[in-house]
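First up is the structure itself, then whatever we jot down about it.
The values are calculated or read from the model by the stated rules, or taken from the named source; none is laboratory data. Because the structure is predicted, anything quoted here is derived from the model rather than measured. Don't worry about glycine lacking a Cβ; one is built from the backbone with ideal geometry, like all the others, and counts go over all protein chains shown. Keep in mind that these areas ignore ligands, DNA and RNA; they rest on the heavy atoms of the full protein, side chains included. Shrake-Rupley method; radii C 1.70, N 1.55, O 1.52, S 1.80 Å.
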Amino acid sequence: MKKQCFTVAALLVPMLSLAALRMDVGRSDFSDWTGASKVKKGAAEIRRGDTISYTYENMNRRYSGMMRPFFGDAADWYDYAGISFDLYLDKASSADVSVTFRTDPVDHSELNPASTAQVLVHGEGWQRVYLPWDLFDLNIGQQGNTLQAVKSLEITAESAKNKKLKIRHVELVKGERVALESAVRGRAAKAGGTVQYEFEIGNTTDEVQGVNLLVEKTGWESMMVSLDASSFELAPGEVKKVAVEVAIPASLPAGAREQQIIKAIPNGLGAAAETLTFFTAVEVPTPNIVFTAEGWQQVKDKVAHVDWAADELAKLEKKVSGWKVPEGAPVRKFENRNEYQPIFTKGDGDRVYECGVAYQLTGKTEYAEKIAKLFRRLISEEDGYPVTLHGGSGSF
């Protein structure tokens, strides 16, 4: 078994605004909340058993990929990991805390109308409460879209020894104490090569924190993870970039893959550790989806020596030569577009496949150019799949 070694390189980058890591729900002074009273120094009073609530209004936000109109009046919580707030108990005791977020009523037929988390908090003075999404009674299969359409938030606290409680700093956060993000989490390279990744780590608290980075081990790893400097400090709201390099042994076969799990431990608090997983593979020579190069050569040989195979290729070429690459459904004017309408149809996907077969068997670039034209349209960041999340039915 090969020994895994690592070093970590953390580079200071221009600090992101704290809003990138945390976002207030409503105004921090509770002036747009219902049920909050006697607000002093950003802390609102709650009578035990009472509910305070916030409702999003005038969001005028596009709902990409949802089975609903593309304009609505709710907030997008998708990029965050959970909700946090401070709760004040004047007398040492326990408090039953219930937190519920509700989706826009127009989405109730598709999404969880209400998702609730209930926790018991004990202490005296200010207590920090953090509720990640997995504590809510939210169907996992609906979580993504549900978090894209949050209309309101409700918080209730019940305490036998405290008639009144206080609350402050109700926020969406990307992590309890730190957050890790990476735009690219999977790469492939030839055996004997290396791949590079980069991720950002941010401090989601108001305190300076020391951070340790380590690579989790299962004991059967073959790939070597290389980083630089295993620990550093993060100021409140500070974000640093970390470079990762994975070396692939020359002995691994094509298609082999491993996970690299980076764990960040904030301020020595193992229970608050956050992880980020990368997926590294050994390249498989192309083509490889339908046939390998050897498989395609066998088909070419059959075309060259068997009449019916040559006839079928001639029919296929006639079909794809006459196919005009569609522009796709118009999506720039969302208010006039059927929200169920994909950019392309299954028939378009079938033609792309047929062009691929024709290109492999003939080498004629005109067929490859048709494929490239459709795919460029599909991935357009202006009005393609990244915007609509409706690429096509069945084929995409």
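Things worth noting here:
- Flag if Gly347 is open to solvent by less than 90 Å² (accessible area, probe 1.4 Å), modelled with pLDDT of 95 or more and over 30 Å from Ala254 (Cβ atoms): no
- Residues being in contact with a strand residue (DSSP E or B) (Cβ under 8 Å, 6 or more places away or on another chain) and assigned to a loop (DSSP other than H, G, I, E, B) - total across segment 250-283: 9
- Pairs linking a residue in segment 77-88 that is in contact (Cβ under 8 Å) with a residue 60 or more places away in the chain to a residue that is in a loop (DSSP other than H, G, I, E, B), with Cβ atoms under 6 Å and 6 or more positions apart or on different chains, are Tyr78/Gln148; Tyr80/Lys174; Ala81/Lys174; Ala81/Gly175.
- Where strands (runs of 3 or more DSSP E) fall wholly inside segment 130-248, the ranges with 1 or more residues that are among the acidic types (Asp, Glu) are 150-158, 164-173, 178-181, 194-203, 231-234, 239-247.
- Every condition in (1) in a loop (DSSP other than H, G, I, E, B); (2) touching a strand residue (DSSP E or B) at 6+ places or on another chain (Cβ under 9 Å) is met by Ile289 except one, and the failing one is (2).
- Unmet requirement for Phe199, which otherwise passes all of (1) open to solvent by 10 Å² or more (accessible area, probe 1.4 Å); (2) in contact with a strand residue (DSSP E or B) (Cβ under 6 Å, 6 or more places away or on another chain): (1)
- Which listed residue is touching a Leu at 6+ places or on another chain (Cβ under 9 Å), modelled with pLDDT of 95 or more, among the acidic types (Asp, Glu) and open to solvent by 40 Å² or more (accessible area, probe 1.4 Å), from Glu245, Glu233: Glu245
- Filtered residue count, segment 303-313, keeping only those that are open to solvent by 60 Å² or more (accessible area, probe 1.4 Å) and within 46 Å of the chain's Cα centre (by Cα): 1
- Residues that are hydroxyl-bearing (Ser, Thr, Tyr), more than 23 Å from the chain's Cα centre (by Cα) and at pLDDT 95 or above were ranked within segment 94-122; the one that is nearest to Glu57 (Cα to Cα) is Ser98.
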